[in-house]
Amino acid sequence: MKKTSVLFLLIVSCFFELQAQNDLSKILKQEIDRNFAVLKNQEVPAYYMCYRIHDTNEYSIEASFGNINKSSEKKDRLFSGIVRVGDEKFDNYHNVKGIYDESSNYIGTVMFVMDNNKQAIQTALWDKTDQLYKDAVKQYDRVKGNKAVKVSSEDKSDDFSKEKSQVWIDKKMSFEQLKPDIKKWEEKIASYSNVFTENKDLITGRSDFSLELVRKYFVDTDGNLIEENAYGYRLTFGASTRSADGMDIPLYKSYFEYDINKLPSDKEIIAEAQEMSKMLSLLKKAPEAESYTGPALLSPFAASVFFHEIFGHRIEGARLKQDSDAQTFKKKIGEQVLPESFSVIFDPQPKTYKGFTLAGSYNFDDEGMKGQKVNVVENGILKSFLMSRTPIEGFSNSNGHGRAMIYYSPVTRQSNMFVEIKDKKTDKELRRMLIDEAKKQNKEYGYLFDRVSGGFTFTGRYMPNSFNVTPLVVYKIYVDGRPDELVRGVNLVGTPLSMFAQITAGGADDNIFNGYCGAESGSIPVSAISPTLFVKVVETQKKGKSQDQFPLLERP
């Protein structure tokens with residue numbers, strides 16, 4: 001019995017030793033150290049390397065007009081890596097001047113070994129690292145040649161920052177435990193989209209549900225080793241119609257939660273879908289708005305998107321380093337950019353704020369840096385920028401905002417943005433301010449932007465440095481007391497500094513924008529929270545139209 005027990009213990013010990021040996025992070029760490037030991041001694045030395053892996057489990061359900069179109073599970077494991085050659089002062093990621101290459105930030109991925117077979121992982125890493133190094137050397141030659149024939153950069157800071165290393169390992173989560181009763185949720189999603197079948201004005205009517213769990217692995221040659229979970233439930237529903245003059249009119253609503261039980265009830269969703277359906281019929285018949293300049297109120301949701309587009313992208317540090325960027329706020333540190341009662345904070349750490357669940361939350365960014373709270377604007381004064389490991393003059397270190405999809409190399413991106421106001425006005429006071437300002441400007445009405453779909457912005461200096469936010473539900477508020485009038489076809493446009501100078505007051509209510517932001521490093525989840533804004537002067541232009549008629553055949 002004693003010999004049998006000893007043999008059993010040896011077998012168990014060997015099993016756990018093998019399991020530990022095959023742990024993914026340990027294999028990544030062993031291989032990056034082994035490969036770096038060789039590459040740092042090449043004629044063109046590598047001075048930094050990192051490996052990233054996203055282990056993804058996802059379940060998604062899609063329905064249209066009451067019918068399930070998709071209900072499927074997906075699992076994959078993707079790998080990407082970065083090799084930097086030269087040194088921190090000047091490397092292969094140095095900005096190339098005079099050449100626009102929109103794919104320059106794209107580093108690609110490989111579908112990676114799904115199980116933790118050590119030899120298979122080593123082989124895959126060997127092959128990919130070899131190619132990454134060779135590509136890095138080619139790019140390094142390119143940037144050296146470019147530097148020799150172009151004027152010197154305005155920003156003389158290093159290409160890469162030196163940071164303290166950290167080790168962080170989240171407890172692994174079970175996808176099966178997170179996954180809900182699929183049959184039950186198929187019925188829910190079908191019933192939500194089925195609401196839209198009742199309205200023949202609608203061309204599309206859909207609902208979507210997804211659960212995603214990503215285990216993120218990050219190791220680098222600075223000693224960082226991070227394993228972090230990113231997960232959440234998303235519920236979206238929406239519909240669209242088309243006006244007689246060919247304008248496509250969509251509406252949608254989305255929810256994000258870390259706990260599926262916190263998503264709205266069936267009764268709440270169906271009521272919102274019914275209200276959305278009614279609004280689309282009203283918008284279909286609503287008059288088209290004319291171009292306009294004058295005062296406006298932005299609802300909390302609209303203001304959140306507004307701040308994300310016109311301000312958030314212009315305080316992303318890596319962008320400010322490029323000579324081709326307009327660098328709107330780069331030289332304005334210490335200057336007043338908003339009214340004294342306004343502050344703007346970014347903080348990726350909290351998962352909730354004022355009762356709202358935040359989709360832009362994380363512990364560590366995609367460069368292995370701890371996400372930090374950044375007071376960008378304090379009492380109207382610009383204090384700081386969001387920073388990745390790309391330094392700019394005056395800001396030499398990361399504050400944990402280097403983010404990217406797995407396909408891209410990280411750049412500075414937004415996280416959770418909070419617009420806070422000390423001197424809060426009531427809705428009645430803001431409406432009064434709007435009407436008074438409209439009268440002062442001899443305007444017949446002011447605008448209320450209630451719902452928006454999103455927007456985009458240009459930050460380069462070789463094109464108009466402008467933004468465009470697309471409102472979906474807009475009202476005229478008449479100064480003579482006539483009832484508010486619903487209009488359609490409004491695009492909110494402008495330039496950031498002129499628009500920022502017109503922000504005057506804010507309300508006491510808040511709402512959240514939980515969405516995806518697309519930029520140089522792909523599409524990443526972000527959050528923005530703001531109260532209602534009163535802006536003295538906004539500019540709008542007409543929205544583009546489709547040339548397609550409303551369907552000739554009646555929808556069944």
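The values are calculated or read from the model by the stated rules, or taken from the named source; none is laboratory data. Keep in mind that what you see is a predicted model, and the values were worked out from it rather than measured. In this analysis, Cβ positions are derived from the backbone assuming ideal geometry, glycine residues included, and neighbour counts consider all displayed protein chains. Note: areas computed on protein heavy atoms with side chains; ligands, DNA, RNA excluded. Shrake-Rupley method; radii C 1.70, N 1.55, O 1.52, S 1.80 Å.
Yes or no: residue 527 among the polar types (S, T, N, Q) and modelled with pLDDT of 85 or more?
It is true that residue 527 is among the polar types (S, T, N, Q) and modelled with pLDDT of 85 or more.
Inside segment 296-324, can you point out the residues that are among the charged types (D, E, K, R) and either in a helix (DSSP H, G or I) or open to solvent by 10 Å² or more (accessible area, probe 1.4 Å) (or both)?
Listed by number, the residues that qualify are 309, 314, 319, 321, 323.
Looking only at segment 433-457, how many residues end up being assigned to a strand (DSSP E or B) and not hydroxyl-bearing (Ser, Thr, Tyr)?
9
Go through 147, 97 for me and flag whichever is surrounded by 13 or more Cβ atoms within 10 Å (Cβ to Cβ) and more than 20 Å from residue 411 (Cβ to Cβ).
On inspection, the qualifying residue turns out to be 147.
Go through segment 230-251 and give me each residue that's among the charged types (D, E, K, R) and either over 24 Å from residue 55 (Cα atoms) or open to solvent by less than 10 Å² (accessible area, probe 1.4 Å) (or both).
242, 245, 248
Which of (1) open to solvent by less than 10 Å² (accessible area, probe 1.4 Å); (2) of a type in the set (Gly, Ala, Ser); (3) without any contact (Cβ under 8 Å) to a residue 24 or more places away in the chain is the odd one out, the single condition residue 355 does not satisfy?
Single failed check for residue 355: (1).
How many residues are open to solvent by 10 Å² or more (accessible area, probe 1.4 Å), acidic (Asp, Glu) and farther than 24 Å from residue 174 by Cβ when one looks only at segment 200-227?
2
Check 490, 526 and return the single one that is open to solvent by less than 20 Å² (accessible area, probe 1.4 Å), of a type in the set (A, V, I, L, M, F, W, C) and over 20 Å from residue 414 (Cβ atoms).
Answer to the check: 490.
Report whether or not residue 129 is in contact (Cβ under 8 Å) with a residue 24 or more places away in the chain and in contact with a helix residue (DSSP H, G or I) (Cβ under 6 Å, 6 or more places away or on another chain).
It is true that residue 129 is in contact (Cβ under 8 Å) with a residue 24 or more places away in the chain and in contact with a helix residue (DSSP H, G or I) (Cβ under 6 Å, 6 or more places away or on another chain).
Run residue 467 past the list (1) touching a residue at least 24 places away in the same chain (Cβ under 8 Å); (2) more than 14 Å from residue 306 (Cβ to Cβ) and report the number of the one that doesn't hold.
Condition not satisfied by residue 467: (2).
From the list 232, 246, 238, which residue is outside any loop (DSSP other than H, G, I, E, B) and either in contact with a Lys or Arg (Cβ under 8 Å, 6 or more places away or on another chain) or closer than 30 Å to residue 550 by Cβ (or both)?
One residue alone meets the criteria, 238.
Can you find, within segment 66-94, the residue that is most open to solvent (accessible area, probe 1.4 Å) among those that are touching an Asp or Glu at 6+ places or on another chain (Cβ under 7 Å) and among the aromatic types (Phe, Trp, Tyr)?
93
Which residues, taken from segment 95-134, are modelled with pLDDT under 80 and part of a strand (DSSP E or B)?
If the condition is that a residue be modelled with pLDDT under 80 and part of a strand (DSSP E or B), then 106, 110 are the ones that fit.
Quick one: is residue 436 more than 30 Å from residue 402 (Cα to Cα), open to solvent by 20 Å² or more (accessible area, probe 1.4 Å) and touching an Asp or Glu at 6+ places or on another chain (Cβ under 9 Å)?
When the stated conditions are applied, residue 436 does not pass them.
Which residues, counting only those in segment 473-487, are open to solvent by less than 20 Å² (accessible area, probe 1.4 Å) and over 15 Å from residue 293 (Cα atoms)?
473, 487
Just the residues that are assigned to a helix (DSSP H, G or I) and either open to solvent by 10 Å² or more (accessible area, probe 1.4 Å) or of a type in the set (Lys, Arg) (or both), please, taken from segment 396-432.
427, 428, 429, 431, 432
For segment 374-395, does any single residue satisfy the condition of being of a type outside the set (A, V, I, L, M), within 20 Å of residue 81 (Cα to Cα) and part of a strand (DSSP E or B)?
no
Condition check ((1) out of contact with any strand residue (DSSP E or B) (no Cβ under 9 Å at 6 or more places or on another chain); (2) polar (S, T, N, Q)) across all residues:
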| site | (1), (2) |
| --- | --- |
| 405 | no, no |
| 428 | yes, no |
| 440 | no, no |
| 454 | no, no |
| 459 | no, yes |
| 472 | no, no |
| 483 | yes, no |
| 492 | no, no |
| 496 | no, no |
